[in-house]
Structure formats: structure tokens, C-alpha cells
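Input: a single structure, listed below in C-alpha cells.
Where a number appears in this text, it was derived from the coordinates with a stated rule and is not lab data. Fair warning: this is a prediction, and the values are worked out from it, not measured in the lab. Methodologically, a virtual Cβ is constructed for each residue, glycine included, from the backbone with ideal geometry; neighbour enumeration extends over all protein chains shown.
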Amino acid sequence: MARMTMIEAIRDALDVAMGADPSVVVFGEDVGYFGGVFRCTAGLQAKYGKTRCFDTPINESGIVGAGIGMAAYGLKPVVEIQFADYMYPAYDQIVSEAARLRYRSAGQFTCPMVVRMPTGGGIFGGQTHSQSPEALFTHVTGLKTVVPSNPRDAKGLLLAAIEDPDPVIFMEPKRLYNGPFDGHHDRPVTAWKSHELGEVPEGHYTVPLGKAVLRRQGRAATVLTYGTMVHVALAAVEESGVDAEVIDLRTLLPLDMETIVASVNKTGRCLVLHEATLTSGYGAELAALVQAECFWHLEAPIRRVAGWDTPYPHTHEWSYFPGPARVAEALRQLVEVA
Amino acid sequence: MQRPDPNDYPPLGLVVPEPEVRPGGQPDFSHVAIPRAGTVRRPPVDVDPEEIRDLAFTIIRVLNREGQAVGPWAEALEITPDDLLIGLRHMMTLRIYDARMLNAQRQQKTSFYMQHLGEEAISCGFQRALAPGDMNFPTYRQAGLLIAAGYPLSAMMNQIFSNAEDPMRGRQLPVCYSSREHGFFTISGNLATQFIQAVGWAMASAISGDRKISAAWIGDGSTAESDFHAALVFASTYKAPVILNIVNNQWAISTFQGIARGGSGTFAARGHGFGIPSLRVDGNDYLAVLAVAKWAAERARRNLGPTLIEYVTYRAGGHSTSDDPSAYRPAEESTAWPLGDPVLRLKNHLIALGHWSDERHAQAEAEILAEITEQQKRAEAIGTLHHGQHPSPADMFEDVYAEMPPHLLKQRHEAGF
């Protein structure tokens, strides 16, 4: 075991993958010599050479499109979109191409590519460095979408994503890069080194895609969440005094329904939590699935807490962010329903 | 310094380009400058792109009006009469296949078709410059690549009819073929996406220290897409072993090429800003297409980087079976097109060489038609769009992922499969 930040854990996963498999190539804007604006690829070019880790022109469609061609050739590209907010120029390549190569060619051509992108707010990034567009990926069949919440999962999930035969969208909550963040922006920053999930096994291991994990056991309610909001949920549970279960989904698609259904059937109450905007968000899918699978066990309407339906505002970041106070209030209301 | 007063200027006005002629008008291509065959020089493959900027504004031509192959591009070809006969047969096959499939669509045996009429030389000729293992990233109007690579016509027809033997299992719109084995990447239907993918494929070959090259294909209209620019930036930056092909057939459905080209003079000239050697070639001249393709492939194989080629041609038919060109261009425009018919031009060349005759041509046509008709009968016996055997609807859920995830399995059961 080694103590790592999420950045170091991601870099370690890339290092392990590149060391084990010469077909793994890593590229994106500022990814090569400099090692990425968040430093996730630092040192990889020096170690593996510039044909396996390199800088690209500022053209996200080009980055993903070239990656698709490389994947079709037989390489395993792990490309970085500098911010999830910058992925829109690549959306056609992701949706119409990467996600459908296997289907439309009846398996002749496949796309084992990972598209990494920092996601979420909480760093005063304004409306173009804070978005959480995961629902735009979970809606696309042919893609898998992963959102880790800690260094240990990040490394294992990224290695699983790289080894997956299909395209995987790997969204890294940037507010978690350097430490767990429970939404209390006014308190001192904590570091991963003092968190048990900052302990990362050395060498190769995977965290399987499609498996959620229970972060806290409880009896009164179930919180379904992922990424940064896992830590916010845990804080809100403590502060509300509501004995809720917190499920870290880890993979949004394919979704671990078994874990979700077992928990909601036990607690009878469900809160869905994400940082992304509310309307047509991934939480709507979760709520629909829970009501379909757990309806006769539900004792209260499913609640959703999410980012407001506005662009991510700069100065009002903490009024926008669904922090522990909002989540705690929703939990209290959820358990008050008779 | 005085601030400018906008009132000192006349009001602004938007320019919307228009083709020279619309239906009812007299087609006139006198403005298309066509150099005599054999007059454009052939530079060495390692030439400095700055020294051949003029080649993006001329037209490289090999076959002259007398059916002779002339000039430096012809001399470099080293082609045998048998090669020429094979080329002619590929083009004739594509033309007859097109006519049969077009007719099959009218008989409602398939939903849709796109023909190559007038553009046969480009894909049939180009493929002969590639080697096994090389990869094309085609658009919907390059089926000649498959024919020249020896892909079975029966497989193509089964795809058109979406029947039980369709290699794409009825999932793709007709003409969206795919054959990795024959160097033919799966056709998207979205425009221009394949152009940058071809560059990525070529980069992968170079990263791997391989010897394979790739070819990107795009139409004149789709060069306006951002992915065209992405491809040129990446190809230029990494000197990818890729041939970037633009088929300028003058029309993007109903929109004339001037809308995409803007003020740039030619599509080939787009390569200049990227330092990519850019050539313009007579797309109706099988030998010119092959000569230029071989030059570009040689550059790619020697790791000299990408080449941009504009094939000047004319889309003699409609865009697709859903299109009626008489609504936006004169019906006579096709016959007025000054570069002629690619099949006739190669046929006349073979006759001039003494290796072919009108009789043998008519006989070959009859043979090819009989062969295609026979194959079509067999394909139709398997099934057409609304009749016969089709892939099982249960197959609809396969190949979305390598392994079917639980939610999809559940939906398949719900659908009754």
C-alpha cells in the first residue's frame, strides 16, 4: 500500500497499464511534456517516450476521432479531455462513432478507448470548468460511464476501464483530486493521506466496472450518489442524524441494480444526489428505476437533490453546489414522511 | 486618430454564392480550366510542398482525347495491358452493379441506394495503389474500393437487401458496407467523422512501427465540417502516413461546391495552410487517379507524411435514391461536363493500344451483367427488405457491447427474444 492523492493514483494506473501493455497510448492537450494541467500524466512521456504519451492540437473532436482510428487499428488509447466542459466538440465522435463501431460493423471494428475528463465544480472554475455532463454519456448506448470517488477506486476502475473491450468515459471529480471534500468549503482542506481510501495498493489490480459499493450502512434511508457527492452525503448523514445508507455507484452504466434494490427494499426511502443539474439528470433515471423495482417497499416519494437548473455560476458557487446543509434537510424531510 | 464613422460607408451586404446555371439554363463549363493531358509535371515524392503549390490549382491528366496515355505521370505508371483490362472490368462491374441496385430500390427490394455514375475511376483506380493491410476510411460513394479489393458482390448485395446473410446483420442503411479484411472501414453515414479517424489509424501504424498506411475519403461539401480541419491539423502535425482524398463531384445533394469551397479557389488548396503536398487530378481519368494515388502512397510508405488529393469529377446521378437533381441543376449539365466518361476513356485507351474493341467491350458488358444478375438472384432468394429471410430481431441487441449488460438483457427479454 502507498498513500496517494487521486492524481497520483490515476497516474499510477496509467503507468501500470503502459508498463504492462505496449498498445496503451496516452495523449491530449498539455498531456505530454508538461504532464497535464492537473498533472495526471506527469512523467509518463519521459518514461515511455513521446510516441506513447504526447501533446495534441487543441481539437477535442480530433483527439477522440484519432483515438477511434487508433483503437480500430488495435491500440488502446487513453485520451484526456482537459475539462469535461470541453468535450462537446468531440460529442459526435463519441456518440455516433466510438459508441457504435462494434454494432454497426457487426464486431469487425471495435473501440477499446478510455476518454478521461475532470468533472464537477467546487474549484471556482465558472461555467466552463465545473460541469458534470455524465447524463449526456449514460444516455448513449454503447458507452460505459465511470465516476470514482477516491484514489483507491480511481486506480482500480481506470485499469478496469483500460482493459475493457468497449469505450469507457472516465470522469474524474476534480474537487477530489487532492483530498476528500464533503462540501464544507469554509473548513480547512483535508488530504487523502489521512483517509483510508487514500491507501492505494501497488502494482496491478482492478475494481470491476458495474459494481457499486456501500460506503455507510444504515436503516432509515438510502442515498444513491457518486463522485464528490459521496463525501457530501456522508457528512450530511452525520449532521442530519438520519441513519442512512450511502451507496457509491462508481459505475453509472452499467448500473449495479442489485446493490441498489437490496438497500432501498431494506430502508424503504431513497434520496438521489448529484452535482449535475436536476432536470433530465442521471438522478431521473435512478428515481425511475427505483420506483419500478422497489415501489411496494417505498414508504415515501423518492427525493432528488442536485445542482440547480442554471449554468454553474462563478461567484455563487456555494449557493449552487448541493452541499451538506441541503442534503441533510432533504434527508430529514425524507424520513419525516409517515 | 479619428474614430471611424460607420456612416461614411455604404450598408453591408451578405454574399451568398450561386452556381453558374440553374434548371432551364444552358450548362457552361468554359470557366473550368482544363490543361492538356500530360502537361503537368511529376515532382519527386520527397518534394518540398512549397515547390508544388501550383499543383493544387491545375488538373493532372494522363489520358488524352486520342485515348493515349501521355506525360510524366503516365511514364511512371509501369502498367501492363492486363492491369488496364482489370481496371476497366472493375469500373464496368461497379456501373452495372449500381444500375441493378438502383433498379432493385425502385422495385422496393431495398429502402435506399447511392450510385457512383461518373465517379467509378476514383475508387476503382485508387484501391490499386494500396497493399493488403492498408485501410480505407470511405464515404458512401467508394464501393469501387471493395470491388477492386476482391470483396464478393454477393456480400454487397446481401447488405443492400438487409437479408439473413447481410454481414452487417441488417443494422446499417444500405451501402454502409464494412470489411476489415478488405481494408474498408465501416461507413458511418455521419459526414467527415472518418477523415480524422483515418489519420488516427495511420498514427497508430506509425506508433507501432508497422508498414501499413491509411486513406481518408471525403466529399467536396463535407470539407466544410470541423473534422476535415481536425484531420489536416493532426496529419500535418504528426506527419501521419495517410492519403487525404477529397472527391469533388461538384454537388453536395443540391448545394453546389462553391458553398463549401468559398474563396479558396480549389479544395486541394486547403492543404497549403498545413504544409501538406496537395494535388488536383482528373477524377474521370483512371490512369491519372492511379498515378497520383501511387505517388501519395509512396510518400506515406516512406514516412514522408500525408498527401492531399482533390479528384475533380461530376456526380452524374442523383445524390441518392431520395434525390431528384432536376430540381436544382440543368438535366444537360452531366453531358456537358468536360472531363468525359471514365469508363469510355479507359475503353478508348485500350482500343488505341490494340488490346480491346467495341465487340469485346459489349461482350464483357454482357458477361458482367449475366454474372451480377445471377448473384442478385441468389441474394434475392435469401431475402430482400420486405421478403424472405432476415437476421433475427434478437440480434438487434447483440454487439452494443462486447458483453451484454444486465439492462440490455432485460430489455431483450421484454421484447420477447
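Between the listed residues A:35, A:210, A:16, the Cα displaced farthest toward the positive end of the dipole of chain A, a dipole computed from Cβ unit charges relative to the Cα centre, is found at A:16. Arranged from fewest to most other beta-carbon atoms within 10 Å of their beta carbon, B:195, A:321 become A:321, B:195. Other residues whose C-beta falls under 9 angstrom from the C-beta of residue A:63 contribute a net charge of -3, scoring Lys and Arg +1 and Asp and Glu -1. How would segment A:2-200 be classified by its alpha-carbon gyration tensor: rounded, prolate or oblate, with rounded meaning a/c under 1.5 and the a/b versus b/c comparison settling the rest? Taking the square roots of the gyration eigenvalues as a ≥ b ≥ c, segment A:2-200 is prolate. Derived scalar couplings between HN and Hα for segment B:291-300 equal 5, 5, 4, 5, 4, 5, 5, 4, 4, 4 Hz in order, rounded to whole Hz, by the Karplus curve 6.51 cos²θ - 1.76 cosθ + 1.60 (θ = phi - 60°), x for Gly and Pro.
Within segment B:306-337, list the GluC sites (Glu not before Pro) lying in a DSSP loop whose Cβ has at most 15 other Cβ atoms in a 10 Å radius. In loop regions of segment B:306-337 (DSSP not H, G, I, E or B), the sparsely surrounded GluC sites (Glu not before Pro) are B:332. Packing around the peptides A:261-272, B:393-404, taken as the average count of other Cβ atoms within 10 Å per residue, puts them in this order, highest first: A:261-272, B:393-404.
Let me confirm one metric for peptide A:71-79, namely the mean number of other chain beta-carbon atoms within 10 Å of its residues' beta-carbons. Please list the in-between numbers first.
Values: counts 4, 11, 13, 5, 7, 0, 4, 0, 0.
Per residue, the number of nearby Cβ atoms from other chains is 5 on average.
In chain A the longest region clear of chymotrypsin sites (Phe, Trp or Tyr not before Pro) that are loop-assigned by DSSP and have at most 13 other C-beta atoms within 10 Å covers A:125-338.
Panel values: segment A:202-338, Kirkwood radius from alpha carbon pairs, Stokes-Einstein at 25 °C and 0.890 mPa s, translational diffusion coefficient 163 µm²/s. Take each residue of peptide B:225-234, count the partner chain Cβ atoms within 10 Å of its Cβ, and average: the result is 5.
Here, P(r) means the percent of Cα pairs in each 10 Å bin from 0 to the largest distance; for chain A it is 6, 27, 35, 23, 8, 1, 0. Sorted ascending by nearby beta carbons within 10 Å, beginning with the fewest, B:344, A:334, B:55, B:102 become B:344, B:102, B:55, A:334.
Once you have the alpha carbon radius of gyration of chain B, what is it after dividing by 2.2 N^0.38 Å, with N set to its residue count?
On the way: Rg = 22.8 Å, N = 417, 2.2 N^0.38 = 21.8 Å.
Expressed relative to 2.2 N^0.38 Å, the Cα Rg reads 1.05.
Shape call for the protein assembly as shown from the C-alpha gyration tensor, a ≥ b ≥ c root eigenvalues: rounded (a/c under 1.5), prolate (a/b greater than b/c) or oblate? Here the protein assembly as shown falls in the prolate category.
For segment B:143-190, what class follows from the C-alpha gyration tensor (a ≥ b ≥ c being the square roots of its eigenvalues): rounded when a/c is under 1.5, otherwise prolate if a/b is larger than b/c, else oblate? Taking the square roots of the gyration eigenvalues as a ≥ b ≥ c, segment B:143-190 is oblate.
Scalar couplings 3J(HN,Hα) for segment A:76-90, obtained by applying the Karplus form with A = 6.51, B = -1.76, C = 1.60 to θ = phi - 60°, are 10, x, 10, 9, 10, 9, 4, 9, 3, 4, 9, 7, 4, x, 8 Hz; x denotes Gly and Pro.
Note on B:184-194: average number of Cβ atoms from other chains within 10 Å of each residue's Cβ is 5. For segment B:241-329, the share of alpha carbon pairs falling in successive 10 Å distance bins from zero is 17, 41, 30, 11, 1 percent.
For chymotrypsin sites (Phe, Trp or Tyr not before Pro), the sites in segment B:49-110 that DSSP calls loop and that have at most 16 other Cβ atoms within 10 Å are B:57.
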